[in-house]
1. If a residue must be of a type in the set (Ser, Thr, Tyr) and open to solvent by 40 Å² or more (accessible area, probe 1.4 Å), how many such residues does region 139-164 contain?
2. Exactly one of (1) surrounded by 15 or more Cβ atoms within 10 Å (Cβ to Cβ); (2) modelled with pLDDT of 85 or more is unmet by residue 134. Its number?
3. Yes or no: region 305-315 includes at least one residue that is under 20 Å from residue 387 (Cβ atoms), touching a strand residue (DSSP E or B) at 6+ places or on another chain (Cβ under 7 Å) and open to solvent by 10 Å² or more (accessible area, probe 1.4 Å).
4. I'd like the residue in region 469-488 that is open to solvent by less than 10 Å² (accessible area, probe 1.4 Å), outside any strand (DSSP E or B) and not charged (D, E, K, R) and, out of all such residues, is modelled with the lowest pLDDT.
5. Just wondering, is there one or more residues in region 412-425 that are at pLDDT below 85, touching an Asp or Glu at 6+ places or on another chain (Cβ under 9 Å) and surrounded by fewer than 18 Cβ atoms within 10 Å (Cβ to Cβ)?
6. So which of 133, 111, 95 ends up being free of Cβ contacts under 8 Å to residues at least 24 places away in the same chain and among the acidic types (Asp, Glu)?
7. Give region 460-501 a look and list any residue that's among the hydroxyl-bearing types (Ser, Thr, Tyr) and in contact (Cβ under 8 Å) with a residue 60 or more places away in the chain, or say none.
8. What is the residue count in region 346-369 for residues that are over 23 Å from the mean Cα position of the chain (by Cα), open to solvent by 20 Å² or more (accessible area, probe 1.4 Å) and not hydrophobic (A, V, I, L, M, F, W, C)?
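The values are calculated or read from the model by the stated rules, or taken from the named source; none is laboratory data. Bear in mind the structure is a predicted one, so any value in this text is a computation, not a measurement. Every residue, glycine as well, gets a Cβ built from its backbone with ideal geometry; the counts of neighbours run over all protein chains shown. Side chains are part of the model used for accessible areas, which takes the heavy atoms of the whole protein and leaves out ligands, DNA and RNA. Shrake-Rupley method; radii C 1.70, N 1.55, O 1.52, S 1.80 Å.
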Amino acid sequence: MSKTETALNVMGSRLDQRPCPMIYVGPTKDFNNDQLEPRFMDLVEQSASLRDKLARGKKSKKSRKVVSGVPVLFAWAGSSTPLKSTPAGLVLVDERDGMEASVQGEGDPVELVEARGDTYADFKLGVTSTPTEGNVETEIDEASQLERWRLADKEQVQSPIWRLWQEGTRHEWAWPCPHCGEYFVPRFKHLSFPEKADPVKAGAAAHLVCPTCGCEITDEHKAAMNAAGVYVAPGQTVAKDGTVTGQPPETNTVSFWVSGLCSPFQTFSKRVTRYVEALQTGDAERVKAVVNTGFGELFSIGGGEVADWREVAALREDYGAREVPVGAILITCGIDVQGDRLVYATRGWGARFESWLIEHGEIFGETDKDQVWGDLELYLSRRIEGEPIARAMIDTGYRPGRKIAVPVNRVYEFCSRVASARACKGRDTLDKRFYASRIEVDLRGKAKKTGLTLWHLNTDYFKKWVHGRLHWPTDQPGRWFLHRDATEDYCKQIVSEVRIVRPSGRPEWKKIRQANHYFDCEYLNAAAAHMERVDLIPDGASRAVESQATGAPAQAQSVAQTQTMIAAAVERRSIASYAQRLNRR
């Protein structure tokens with residue numbers, strides 16, 4: 001959308017016509033050094049009116065230039081010093097959503113740089129960004145009858161730029177339909193393409209559908225629609241000739257939103273191709289990135305509001321508990337530790353993160369005693385329809401009502417002797433999905449010569465991931481299934497928590513039901529699948545199933561095809577573990 005190029009043009013214009021000290025704030029230091037500074041120097045050198053106004057020699061540094069006698073500072077959001085120490089008449093903040101909520105604990109980067117203009121009567125602050133995460137809906141504006149973004153509760157929007165946009169005039173870029181002439185605000189929902197087609201065919205057939213007349217709109221119409229396009233704020237009206245009347249909301253901020261569909265640099269076909277490719281990977285983060293960057297719209301991995309438990313129950317399929325569907329190549333188990341029992345959920349995984357609940361239940365017994373852990377070891381050692389449990393994730397976060405957290409050390413001791421078991425601990429905020437640390441402790445809390453790996457998990461990411469699967473498109477791979485015997489209690493526990501975001505931007509999961517153990521088990525399963533690189537399972541991979549009549553493999557051809565695909569994948573991606581599993585089968 002050329003946001004950074006626009007910022008550079010604004011800076012060049014002001015330096016040429018009405019110079020003032022300036023600060024450009026980029027998302028990272030590397031971006032400033034590798035991208036912004038060279039482009040700024042090209043702008044100055046290629047402009048005849050600015051070339052001779054550039055101070056050279058010692059006055060010219062990588063992060064500071066002097067043009068027309070005023071300083072131009074290239075700051076970044078990771079350092080608070082330049083954001084709070086240099087006065088400026090113009091500040092431009094680029095890619096706000098790529099920055100931390102607080103810079104070195106000293107506050108929001110936008111708030112910090114806004115104070116830099118206190119000594120300038122005509123101070124201007126501009127902020128641009130691709131929006132990221134949040135839940136928003138649309139509504140029909142009474143004045144214009146345009147479908148617009150509805151104001152959302154701040155707790156439902158984590159994107160800083162979207163929050164800023166909501167505080168302003170909320171102008172949206174509207175197009176006239178080339179067929180009926182009625183204006184509309186284009187967004188992702190207006191795209192049409194074959195749902196079950198592959199990315200190339202979906203992209204080839206992509207077009208927009210006018211929400212008024214239903215006619216097809218193609219890329220050949222885009223230039224004319226942009227030429228006639230207008231920004232419209234709530235309460236304003238737009239006539240067929242493009243005349244906008246009425247006053248925007250009264251606010252100190254002018255704010256604009258434009259869909260990525262309007263970009264002259266990308267076709268509808270490319271947008272759709274990238275979206276379908278992301279959707280078919282089963283990776284919600286990749287889908288989020290495409291929706292954000294390709295369409296300028298918010299995306300919530302958690303799927304928005306928490307689903308009703310009946311929606312979870314609707315994911316039941318016609319297979320029984322402890323049955324392993326042929327598409328399940330790898331089995332994981334998530335285990336939540338309580339004082340009087342161990343709660344578990346076992347899940348099978350296939351290509352594109354498609355998964356099936358195999359079994360869920362509870363192993364009763366005091367978790368500071370040996371018996372319950374012996375029962376768990378027996379459960380994990382048993383094969384399910386010939387398939388082993390490849391990885392079991394055991395939560396160490398439980399703390400009983402006593403001074404010594406005996407079950408935690410029990411988890412460490414158990415994981416040190418059971419090869420498939422991994423001790424893990426959830427973290428509310430992490431800058432990565434998971435990481436490992438070493439634990440040097442035995443059953444009695446004493447130091448050990450040989451340590452144990454403790455996996456720290458980003459609970460916000462994996463809980464959002466599970467809730468996102470509840471809303472996964474039914475025609476796309478990556479669905480999250482339950483067996484037909486999944487209990488009502490299990491279904492209710494999966495939606496026992498709701499995600500809220502504090503004003504500081506920190507996410508928090510709140511329980512709306514007392515029991516949430518199966519939800520914890522399933523987020524542990526999701527973490528295990530990511531750690532086992534389920535995303536590398538080839539399309540079409542399946543298990544061998546013996547025929548009840550003959551005892552012979554009923555899908556030998558399918559297995560042979562799978563072995564061929566895995567062999568190719570091993571050569572490309574080095575995932576020998578999957579080939580080894582098939583050889584054992």
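1. Residues meeting the conditions: 0.
2. (2)
3. Scanning region 305-315, I find no residue that is under 20 Å from residue 387 (Cβ atoms), touching a strand residue (DSSP E or B) at 6+ places or on another chain (Cβ under 7 Å) and open to solvent by 10 Å² or more (accessible area, probe 1.4 Å), so the answer is no.
4. The selected residue is 478.
5. Within region 412-425 (the criterion being at pLDDT below 85, touching an Asp or Glu at 6+ places or on another chain (Cβ under 9 Å) and surrounded by fewer than 18 Cβ atoms within 10 Å (Cβ to Cβ)), the answer is no, since none of the residues qualifies.
6. 111
7. 461, 487, 490
8. Total meeting the criteria: 7.
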